[in-house]
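Have a look at the structure below, then the notes.
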Amino acid sequence: MNTTAFNVVRNEEEQYSVWPAWRPVPAGWTTVGEPASREACLERIETLWTDMRPLSLRTGGER
């Protein structure tokens, strides 16, 4: 069983990714929620990321 913790991270375009909890979060990304298993993070992303288009496309470039 893999016990490595991961974070869900999100960028300004509201795109999500899984990131190892022990690594610094890259510039332009923020952590969403608490560290969890990779599988739990993927499930969280599936719940949160319902529209795969970047935010700029969903809003017509307006923020």
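Each reported figure results from applying straightforward, stated rules to the coordinates on display, with no laboratory input. The model shown is predicted, which means the values in this text are computed figures rather than measured ones. As a convention, Cβ positions derive from the backbone with ideal geometry for all residues, glycine included, and neighbour counts pool all protein chains shown.
For the chain, the list of chymotrypsin sites (Phe, Trp or Tyr not before Pro) that fall in a loop by DSSP and count at most 12 other C-beta atoms within 10 angstrom reads TRP22. Dipole magnitude for region 22-63: about 180 debye, using +1 per Lys or Arg Cβ and -1 per Asp or Glu Cβ, origin at the Cα centre. Under the rule of at least 5 residues apart or a separate chain, name every residue whose amide H is placed under 5 Å from the amide H of ALA21. Amide H neighbours of ALA21, under 5 Å, 5+ apart: ALA5, PHE6, ASN7.
Size descriptors for region 6-50: radius of gyration and Dmax over Cα atoms are 9.5, 27 Å.
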